[in-house]
Amino acid sequence: MNSSLLVWGASGSLFILGAAFLVLRRQLIAMIIGLELMINAANLNIVAYAARRGDAAGLAAAMLVIAAAAAEAVVGLSLILNLLREEGAAESDRIRELSG
C-alpha cells in the first residue's frame, strides 16, 4: 500500500473525528480538543507533502502551525477557566455572550 495513501487516510480520520467532537459535544474542552485534532490533521498533510518533496520550508510551516495551535489552545483554555469561575459551567449552550 502506498504510504501517501496511509497518510491521507490517517489525516482524514483525524479530521473527521475532530469535526465530530466540535459539532456533537457541548463541553468546551471537548470542542477545543476537536479543533486541535483538525489542526493536527492538516499539519500531518503539510509534513507528509514536505517530506515527499524534500522541502524544508514545508517543515518550517508545520512548526509555525504547531506554534499557532499552541497559542490558540492557551487562549481557549484561559477563556474556559474564566467561564468556569464566572458561570460555574463550561458548556456551549450556557454561554449567552462574552463581555469584558
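Each value in this text was obtained by applying a stated rule to the coordinates, not by laboratory testing. Note that the coordinates shown come from a computational prediction; the quantities given were computed from them, not determined experimentally. Glycine also receives a Cβ, built like all others from the backbone with ideal geometry; neighbour counts cover every protein chain displayed.
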Per the filter on the stretch 17-44, residues aliphatic (A, V, I, L, M) and under 11 Å from G76 (Cβ atoms) are L28, I29, M31, I32, I33, L35
Pick from A90, A41, A62, A50: which is of a type in the set (G, A, S), surrounded by 15 or more Cβ atoms within 10 Å (Cβ to Cβ) and in contact with a strand residue (DSSP E or B) (Cβ under 8 Å, 6 or more places away or on another chain)? A90
